Amino acid sequence: MIKVGSKGKVENIVNSSNTANRVGSGTLEVFSTPMMIALMENAAINAIELPKEQSSVGISIDIKHIAATPIGMKVWAEAEVLEVDGRRIVFKIEAYDEIEKIGEGRHERYIINNEKFLAKANSKLG
C-alpha cells in the first residue's frame, strides 16, 4: 500500500554524459534539464514499493529548472507522495546541488501491470 508522505531520494554527480551539451538540450556543459527530470522520476520511483508484477509509469511532469549546476558537483532529487487516487500517484519533486535548490515541481505516475502494459505496447509492432 502506498501512503501519502512516503519519500524517495536519488543522487548523482554531474559529468560530461549528463550535461545539456551532451544530451542535446543546450550547448553548455552544465547539468541538463532532461537528466534532472530523470533524477526526479527516479526519486519518485524510490518513494513507492510495488509487487514485482507491477511498475509505475510517468504520465505527467510539471517542473521548473531554476539553477545551473557545473560538472563535478553532486546533485540529488527528493520526492514525496502527496496524493494516491486509485492507481494514480501525485508527487512533490525537488532537486538540489551542493549549494542550492535547482528544480521543483509536481509529477504523476500510474501503477500498471507489467505484462499487460508490455503486451499493449508491443501490439504496435503488428
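Could you list, in sequence order, the residues of region 1-24 that are surrounded by 14 or more Cβ atoms within 10 Å (Cβ to Cβ), of a type in the set (Gly, Ala, Ser), touching a helix residue (DSSP H, G or I) at 6+ places or on another chain (Cβ under 9 Å) and not in a strand (DSSP E or B)?
Of everything in region 1-24, just one residue is surrounded by 14 or more Cβ atoms within 10 Å (Cβ to Cβ), of a type in the set (Gly, Ala, Ser), touching a helix residue (DSSP H, G or I) at 6+ places or on another chain (Cβ under 9 Å) and not in a strand (DSSP E or B), namely ALA20.
Mind listing whichever residues of region 25-65 are in a loop (DSSP other than H, G, I, E, B), surrounded by 13 or more Cβ atoms within 10 Å (Cβ to Cβ) and in contact with an Asp or Glu (Cβ under 8 Å, 6 or more places away or on another chain)?
Listed by number, the list holds a single entry, ALA47.
Would you check if there is a residue in region 58-77 being among the aromatic types (Phe, Trp, Tyr) and out of contact with any helix residue (DSSP H, G or I) (no Cβ under 7 Å at 6 or more places or on another chain)?
yes
Does region 72-93 include one or more residues that are more than 30 Å from MET1 (Cβ to Cβ) and surrounded by fewer than 12 Cβ atoms within 10 Å (Cβ to Cβ)?
Yes.
Per-residue answers, yes or no, for (1) of a type in the set (Gly, Ala, Ser); (2) within 17 Å of VAL14 (Cβ to Cβ); (3) at pLDDT below 95; (4) out of contact with any strand residue (DSSP E or B) (no Cβ under 9 Å at 6 or more places or on another chain):
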{"site": "PRO51", "(1), (2), (3), (4)": "no, no, no, yes"}
{"site": "GLN54", "(1), (2), (3), (4)": "no, no, no, no"}
{"site": "PRO70", "(1), (2), (3), (4)": "no, yes, no, no"}
{"site": "GLY86", "(1), (2), (3), (4)": "yes, no, no, no"}
{"site": "PHE91", "(1), (2), (3), (4)": "no, no, no, no"}
{"site": "ALA121", "(1), (2), (3), (4)": "yes, no, no, yes"}
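Test TYR96 against the stated conditions and say whether it is touching a Ser or Thr at 6+ places or on another chain (Cβ under 8 Å), aromatic (Phe, Trp, Tyr) and at pLDDT 95 or above.
no
Could you please find all residues in region 94-111 being surrounded by fewer than 17 Cβ atoms within 10 Å (Cβ to Cβ) and either over 14 Å from ILE61 (Cα atoms) or of a type in the set (Lys, Arg) (or both)?
Across region 94-111, the qualifying residues are GLU98, ILE99, GLU100, LYS101, ARG106.
Scan region 99-122 for residues that are under 17 Å from MET36 (Cα atoms) and small (Gly, Ala, Ser) and jot them down.
Correct list: GLY103, GLY105.
The values are calculated or read from the model by the stated rules, or taken from the named source; none is laboratory data. Since we're looking at a predicted model, the values are computed, not measured. Counting neighbours? That spans all protein chains shown, and the Cβs are built from the backbone with ideal geometry, glycine included.
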